[in-house]
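Remarks on the structure that follows.
Quick note: the coordinates plus some simple rules give every number you see, no bench work behind them. What you see is a predicted model; the values in this text were computed from it and never measured. Here Cβ is always computed from backbone atoms with ideal geometry, including for glycine, and neighbour counts include all displayed protein chains.
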Amino acid sequence: MNLSNQFYTEKRGFIRMKMDTQAKLKDLADNEGNHSQASMAVKCINLSSTGVLIESTQPMVEGSSLEITIPSEREDFPDFIAEGTVIRVTQKPANELYEVALRIEKII
């Protein structure tokens, strides 16, 4: 163990994988409960087995249900598609971006 890791203890149950890649986000239900077909581009910051952190130009509503698609860079691997719930929205200081935390409910 090197010195930089000597005093660090991971407190999360699952390791986060840094992504820094484009993804698509779709709202699963509008105000009347109808499914939306429109999607918006977001940036996936990191991914774990229980959640996804994204960066968006639009604020999201906590508790809303969304579908995220992270495209595969290889033809022999399918895109990652999951349904999740917004659990936290934080506006980043000094710019118009929002960090949105999604809890993964179901991998499709």
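Some values worked out for this structure:
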quantity	calculated
For peptides 102-108, 80-86, sequence by mean Cβ density within 10 Å, most packed first	80-86, 102-108
Contour excess over end-to-end distance, with Cα ends at Ser48 and Lys18 and 0.36 nm allotted per residue	9.9 nm
For region 17-103: rounded, prolate or oblate by the Cα gyration tensor [a/c cutoff 1.5]	oblate
Nearest-0.05 FRET efficiency for Arg74 and Glu99, computed from C-beta distance (R0 35 Å)	0.80
